[in-house]
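The values are calculated or read from the model by the stated rules, or taken from the named source; none is laboratory data. Just so you know, these numbers come straight off a predicted model, no measurement behind them. Glycine gets a Cβ as well: all are built from the backbone with ideal geometry, and neighbour counts include every protein chain shown.
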Amino acid sequence: MTRMTAPWGPPIDVLPLLVREEQALIGVLSDLRTPEWALPALGERTVHDLTADILGRKLRRLSRDRDGHFAEGSSWVSACRQLSPEVLFAMLVDSTTQLTELWKHRDLDEPAAAPLWLTVARDYAAQWVLQQQVREAAAAPLLDEPEFRTPVVDTFLRALPQMLRTVPARAGRQVACAVEGAGRWTLRATSAGWTIDRGAATSRSPLASLVTDADAFWRLCSGTLPASDVGARVQVSGDPAVCEILLSLRAPECG
C-alpha cells in the first residue's frame, strides 16, 4: 500500500538523485572557460550568479538543519561576485554529498507542518531548475531525463492542495492534471480539504483539468514560461476559479 501523508500525497524520494544531480552540474561547470561564467542567463543573472545561488541554498540548508544556525540575509549572490569562478567552483565541489549525508540520517516522515521529505524534494526541484538555467545559458544539453525531471513536476504539483483550500467543492470532486512526459495526478476534495495522488482521474467530468508537457510545466511553475506561450502550451478547462489557480501555480522555492 502506498504511504500517504495527507494532504501532501505519497512521499517523493529524491535522495538517490541528489548526488547525481550535483555531479551533473559539476560536469557542466568544469567544461566552462573562465569568461563563460559571465554568460547571461535569465534577467540580469549570469552563470556565475546561478551557481552562487545553488551553493547558497545548499549552505543555508546545512547551516539550519545540520548545525542549528538560523540567520537571515539576502546579499549572498551579489557578495559571491567578489569570488573568482575557480573559488566558487571549488566551494561547490566541496559541498557535494553533504546534503545527502544530512538527510539519510533523518526521519523524513517526522511530524511537521509539512513532511521533511517534501522539504528535500523542494530543495531538489529548485536546484534542478537552476541547473537547467545554467545549462541553457552555457548551451549545454538539459538534464531532462524523466528520472530527474518527473520528481520536479511531482513536487510542484504538491502545492495544489493548499492552493485549492478556499475552493468550495463537495467531497469526491476531482481536479485532473496530465503532464506529458511525467504522468497524471488527481486532486480530490474531502471533508478535511484537498488531497493529491498519482494516477488518472476516475471522474468523467472533473471540476477542472490541466493538460501540458513537462517542459512547459516546470517553466510555468518557475515563472520562466513566457506569457505569450502559456495559452498554446498549457491547456486548462472547467471551473474558472480552479483554472486560474492552476495557471498561477508557482514554486516559491524557485524564487
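Considering only residues that are of a type in the set (Val, Ile, Thr) and within 15 Å of Asp239 (Cβ to Cβ), look in the stretch 157-185 and name the one that is nearest to the chain's Cα centre (by Cα). I'd like the intermediate steps shown before the answer.
Let us first name the residues in the stretch 157-185 that are of a type in the set (Val, Ile, Thr), namely 166-167, 175, 179.
With within 15 Å of Asp239 (Cβ to Cβ) added as a condition, the list becomes 166-167, 175.
On the way: Thr166: 24, Val167: 24, Val175: 21 Å.
Filtering the stretch 157-185 for residues that are of a type in the set (Val, Ile, Thr) and within 15 Å of Asp239 (Cβ to Cβ), the one nearest to the chain's Cα centre (by Cα) comes out as Val175.
Are there any pairs with C-beta distances below 7 angstrom linking a residue in the stretch 197-222 that is free of Cβ contacts under 8 Å to residues at least 12 places away in the same chain to a residue that is not in a strand (DSSP E or B), with the two at least 6 apart or on different chains, and if so which?
Hits for this filter: Arg219/Leu225.
Mind listing whichever residues of the stretch 92-129 are assigned to a loop (DSSP other than H, G, I, E, B) and either closer than 19 Å to His48 by Cα or in contact with a Phe, Trp or Tyr (Cβ under 9 Å, 6 or more places away or on another chain) (or both)? Outline the logic, then answer.
Quick first cut of the stretch 92-129, residues assigned to a loop (DSSP other than H, G, I, E, B) only: 96-97, 105-115.
If the condition is that a residue be assigned to a loop (DSSP other than H, G, I, E, B) and either closer than 19 Å to His48 by Cα or in contact with a Phe, Trp or Tyr (Cβ under 9 Å, 6 or more places away or on another chain) (or both), then Thr96, Leu108, Asp109, Ala114, Pro115 are the ones that fit.
For the stretch 189-205, indicate whether the set of residues that are surrounded by 21 or more Cβ atoms within 10 Å (Cβ to Cβ), of a type outside the set (D, E, K, R) and not in a strand (DSSP E or B) is non-empty.
no
If I ask for residues that are closer than 17 Å to Asp123 by Cα and out of contact with any Leu (no Cβ under 7 Å at 6 or more places or on another chain), which ones from the stretch 25-69 would you list? Step through it out loud before you land on a result.
Step one: filter the stretch 25-69 for residues closer than 17 Å to Asp123 by Cα, giving 25, 50-66.
If the condition is that a residue be closer than 17 Å to Asp123 by Cα and out of contact with any Leu (no Cβ under 7 Å at 6 or more places or on another chain), then Leu25, Gly56, Arg57, Leu59, Arg60, Ser63, Arg64 are the ones that fit.
When the residues of the stretch 1-18 are filtered to those that are more than 16 Å from the chain's Cα centre (by Cα) and hydrophobic (A, V, I, L, M, F, W, C), which remaining residue is modelled with the lowest pLDDT?
Met1
Of all residues in the stretch 22-51, count the ones that are buried (at least 17 other Cβ atoms within 10 Å of the Cβ) and part of a helix (DSSP H, G or I).
Residues in the stretch 22-51 being buried (at least 17 other Cβ atoms within 10 Å of the Cβ) and part of a helix (DSSP H, G or I): 11 in total.
So that you can scan it fast, the table gives a plain yes or no per residue for (1) surrounded by 21 or more Cβ atoms within 10 Å (Cβ to Cβ); (2) outside the structural domain of Leu207 (by TED's automatic domain parsing); (3) without any contact (Cβ under 8 Å) to a residue 12 or more places away in the chain:
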{"residue": "Leu108", "(1), (2), (3)": "no, yes, no"}
{"residue": "Pro111", "(1), (2), (3)": "no, yes, yes"}
{"residue": "Ala114", "(1), (2), (3)": "no, yes, no"}
{"residue": "Trp117", "(1), (2), (3)": "yes, yes, no"}
{"residue": "Val120", "(1), (2), (3)": "yes, yes, no"}
{"residue": "Tyr124", "(1), (2), (3)": "yes, yes, no"}
{"residue": "Trp128", "(1), (2), (3)": "yes, yes, no"}
{"residue": "Val175", "(1), (2), (3)": "yes, no, no"}
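Which condition from (1) over 21 Å from the mean Cα position of the chain (by Cα); (2) surrounded by 17 or more Cβ atoms within 10 Å (Cβ to Cβ); (3) not hydroxyl-bearing (Ser, Thr, Tyr) is the one that Arg81 breaks?
(2)
For Leu17, state whether it is in contact (Cβ under 8 Å) with a residue 40 or more places away in the chain, among the aliphatic types (A, V, I, L, M), part of a helix (DSSP H, G or I) and over 30 Å from Trp194 (Cβ atoms). Before the answer, list the steps.
Details: in contact (Cβ under 8 Å) with a residue 40 or more places away in the chain: yes; among the aliphatic types (A, V, I, L, M): yes; part of a helix (DSSP H, G or I): yes; over 30 Å from Trp194 (Cβ atoms): no.
No; evaluated as a whole, the condition is false for this residue.
State which residue is surrounded by the most Cβ atoms within 10 Å (Cβ to Cβ) when the search covers only the stretch 130-155 and only residues that are assigned to a helix (DSSP H, G or I) and among the aliphatic types (A, V, I, L, M).
Applying the first criterion (assigned to a helix (DSSP H, G or I)) to the stretch 130-155 yields 130-137, 146-155.
Next, only the ones that are among the aliphatic types (A, V, I, L, M) stay: 130, 134, 137, 152-153.
Numbers: Leu130: 22, Val134: 27, Ala137: 21, Val152: 29, Val153: 23.
Filtering first and then ranking leaves Val152.
What number goes with the only condition from (1) surrounded by fewer than 15 Cβ atoms within 10 Å (Cβ to Cβ); (2) among the acidic types (Asp, Glu); (3) within 20 Å of the chain's Cα centre (by Cα) that Asp229 does not pass?
So Asp229 meets the others, but not (3).
Out of the residues in the stretch 232-255 meeting the condition of being surrounded by 12 or more Cβ atoms within 10 Å (Cβ to Cβ) and in a loop (DSSP other than H, G, I, E, B), tell me which one is nearest to the chain's Cα centre (by Cα).
Let us first name the residues in the stretch 232-255 that are surrounded by 12 or more Cβ atoms within 10 Å (Cβ to Cβ), namely 233-239, 241-243, 245-247, 249-251, 253-254.
Those still in the list that are in a loop (DSSP other than H, G, I, E, B) too: 239, 249-251.
Working: Asp239: 26, Leu249: 12, Arg250: 10, Ala251: 6 Å.
Only one residue fits best here, namely Ala251.
Which one is surrounded by the fewest Cβ atoms within 10 Å (Cβ to Cβ) among residues in the stretch 156-171 that are in contact (Cβ under 8 Å) with a residue 24 or more places away in the chain and over 15 Å from Arg250 (Cα atoms)?
Narrowing the stretch 156-171 to residues in contact (Cβ under 8 Å) with a residue 24 or more places away in the chain: 156-165, 167, 169.
Of the ones still in play, those that are also over 15 Å from Arg250 (Cα atoms) are 165, 167, 169.
On the way: Arg165: 10, Val167: 18, Ala169: 18.
This residue is Arg165.
Output the residues belonging to the stretch 223-255 that are in contact (Cβ under 8 Å) with a residue 60 or more places away in the chain and acidic (Asp, Glu).
Selection gives Asp239, Glu253.
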